[in-house]
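The values are calculated or read from the model by the stated rules, or taken from the named source; none is laboratory data. In this text, all values refer to a predicted model and were calculated from it rather than measured experimentally. All Cβ positions, even for glycine, are placed from backbone atoms using ideal geometry, and neighbour counts span all protein chains on display. Accessible surface areas use protein heavy atoms only, side chains included; no ligands, DNA or RNA. Shrake-Rupley method; radii C 1.70, N 1.55, O 1.52, S 1.80 Å.
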Amino acid sequence: MGSRLKAQIRASENTALKQRAKFVSSGVAAYSSIVVDHAQNALIWDNDGKKYIDFAGGIGALNVGHGHPKIISALQKQAAKLTHTSYHVASYPDYAAVCEKLCRAIPSSVPQKAALFNSGAEAVENAVKLARFFTRRSAVISFGYAFHGRTLLCLTLNGREKVLKSGFGPFAPGIYRAPFPYPYRPPSGLSPKNLTEYCLEELKRLWKTEISADQTAALIVEPVQGEGGFIVPTPGFLKGLRELCDAHEIVLIIDEVQSGFGRTGKFWAFEHEEILPDLLVVGKSLAAGMPLSAVVGRSEIMDAPPAGAIGGTYGGNPLSCATALAVFEIFEKENILKKAESIAETVQSRFNSFEKKFSIIGESRGLGAMRALELVLDKKTKAPLPANQVKQIIAECEKKGLLLIKAGIFDNVLRTLMPLTIHPKDLTEGLNILEEVLEDFCL
Ligand SMILES: Cc1ncc(COP(=O)(O)O)c(C=O)c1O
């Protein structure tokens, strides 16, 4: 490419960032300085033609990769046929077909139904509404470090203060929080082994001190916490929640917005613990980056409210539904779960070696391909690596052509959400870049 053309392209990139700085609310975070031109599978290119390996996958929305031919074809066909009526106004077959796929994906003999929305947060809100209406109770319990979205109810449910909640109160009433087992950082004096029992006991204490179990409509939990830092709860915790919900007729809402669609090696992360949700919240990779989310659950709960109480103008938009059907087909035909397993093995083994090699890696952890590195100043004290240093590592990765994002309540966790369709060569190259950057940082 000629240098004049390159300069022109650079200028247009800068213009895009200048325009962003001038006209886009700075409350909308910018995790990188990349201005994207196009993308294919796990690679994205900026306006300058520079290639990046994508370990962020649109924050976990692209488990089947960028620009999959089946997704493009579904979108093109649908765009030419119908883009919107609102499902309330006139039915179209794909909405119910997506709901059927979702219901059949729940390994339960209890009849299931679903409803479609636009974002993860909107689906969470609706799951809470459904649980309240069905139980005729009001209290909802969420967990420490949880992330469920950015609407006011979701903010209230979140177990993280900084950036997400500060300055946005007062919050919605009727929400209580119980501790979540974070094995790397257990409360002092507790071993990770005792965490399950501790957390379940604390939940029971909440029912004695704050709100009774028989006033509790729902518990809402991520089977592996996403924004919280890819925290995998201790064995038995989710099963314990299931038992407590059964004992007190409480609706168990499992939020798989980030962990679903094969990310952990099983279609749903809850399958690892052999439990079933009463309501499941789904989003992100359901429609390969098109806005679509869902609540799927026991028919008696899904059917409880009157017609008109659930839904919205755009929920289950025809373009998003056509894409979701293509996503299901890709999962069925291309053995994505097997691919997730192989990614998990590669990333886990490299991350475990990084943990041994680098003084700043406190823990390598995760479930399936949902893997993370928690960065610390000191392995003994576990003092988190300051956020500005984590940012520096991410920026160095970006310079070398790897797009990576962070998570965690201390902003010190590097997480991997690469497409599950990533080419093994790109996966290795991305991991090599990260290793190089960590090496330079630790010099
Ligand atoms: C577990 C979980 N729930 C809900 C949400 C909110 O989804 P959305 O950003 O689509 O509203 C997220 C987003 O990251 C999430 O990770």
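Just a few scattered comments:
- Test: residue in the stretch 281-294 that is over 15 Å from G60 (Cβ atoms) and open to solvent by 20 Å² or more (accessible area, probe 1.4 Å): no
- Within this structure, A372 passes the test of being at pLDDT 95 or above, under 16 Å from I59 (Cα atoms), open to solvent by less than 70 Å² (accessible area, probe 1.4 Å) and small (G, A, S).
- With respect to the stated conditions, P306 is free of Cβ contacts under 8 Å to residues at least 24 places away in the same chain, not in a helix (DSSP H, G or I) and not charged (D, E, K, R).
- Some residue of the stretch 249-269 being in contact with a Cys (Cβ under 6 Å, 6 or more places away or on another chain), at pLDDT 95 or above and farther than 21 Å from T416 by Cα: yes
- The set of residues in the stretch 241-254 being open to solvent by 10 Å² or more (accessible area, probe 1.4 Å) and not aliphatic (A, V, I, L, M) consists of R242, E243, D246, H248, E249.
- Only one entry of G260, G236 meets the criterion of being without any contact (Cβ under 8 Å) to a residue 60 or more places away in the chain and open to solvent by 10 Å² or more (accessible area, probe 1.4 Å), and that entry is G236.
- The helices (runs of 4 or more DSSP H) found wholly in the stretch 92-171 and carrying at least 2 residues that are more than 12 Å from the ligand (Cβ to nearest atom) and without any contact (Cβ under 8 Å) to a residue 12 or more places away in the chain occupy 93-104.
- Residue in the stretch 139-158 that is at pLDDT below 95, hydroxyl-bearing (S, T, Y) and on the phi < 0 side of the Ramachandran plot present: no
- The residue that is farthest from C397 (Cα to Cα), among those in the stretch 60-96 that are buried (at least 17 other Cβ atoms within 10 Å of the Cβ) and touching a strand residue (DSSP E or B) at 6+ places or on another chain (Cβ under 7 Å), is Y95.
- Residue within the stretch 203-214 that is surrounded by 24 or more Cβ atoms within 10 Å (Cβ to Cβ) and touching a His at 6+ places or on another chain (Cβ under 8 Å) present: no
- V221 open to solvent by 20 Å² or more (accessible area, probe 1.4 Å), within 16 Å of the ligand (Cβ to nearest atom), under 22 Å from P277 (Cα atoms) and touching a residue at least 24 places away in the same chain (Cβ under 8 Å): no
- Residue match in the stretch 21-31 (condition: at pLDDT 95 or above, aliphatic (A, V, I, L, M) and open to solvent by less than 60 Å² (accessible area, probe 1.4 Å)): no
- The single condition among (1) among the hydroxyl-bearing types (S, T, Y); (2) under 21 Å from A269 (Cα atoms); (3) open to solvent by 10 Å² or more (accessible area, probe 1.4 Å) that S353 does not satisfy is (2).
- Here the stretch 173-193 is the region considered, the condition is being open to solvent by less than 30 Å² (accessible area, probe 1.4 Å) and assigned to a loop (DSSP other than H, G, I, E, B), and the residue that is nearest to the ligand (Cβ to nearest atom) is F180.
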